[in-house]
Ligand SMILES: [Zn+2]
């Protein structure tokens, strides 16, 4: 547990949250900022800032819980679609340095937009980027 971490404080029960699920590894609760109706966060009980600091098995477990909760959100709130989002670092939009996954209900024309514009990278660029990734696997 990190002393100044709001999510650790929620896990410990020192800050109230509307919980929807918890087990030995993770808890899920309603985000206080409901950017969409039914915005849920899933966090591991063990503090890690992001995916770069967490054990890969714990990360896999976090997403197993995410799948379970996302299906319950879909069944319980009946949105037409759901996005699952997990940001790592400020530039990616992470504002709390405790690994967490967002479940976002989605509607047609809800204004949420990921930038999927095509960079039009050529095959040389793709191969260079892929080689840099492969070297680190
Ligand atoms: Zn924490």
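Quick look at the values:
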{"item": "Number of the exception - residue 34 against (1) surrounded by 15 or more Cβ atoms within 10 Å (Cβ to Cβ); (2) under 25 Å from residue 110 (Cβ atoms); (3) free of Cβ contacts under 8 Å to residues at least 60 places away in the same chain", "result": "(1)"}
{"item": "Strands (runs of 3 or more DSSP E) contained in the stretch 1-95 and holding at least 2 residues within 16 Å of the ligand (Cβ to nearest atom) and within 15 Å of the chain's Cα centre (by Cα)", "result": "26-30, 40-44"}
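FYI, it's all coordinate maths here, none of it is from the lab. What you see is a predicted model; the values in this text were computed from it and never measured. Cβ coordinates were reconstructed from backbone atoms using ideal geometry, including for glycine residues, and neighbour counts include every protein chain displayed.
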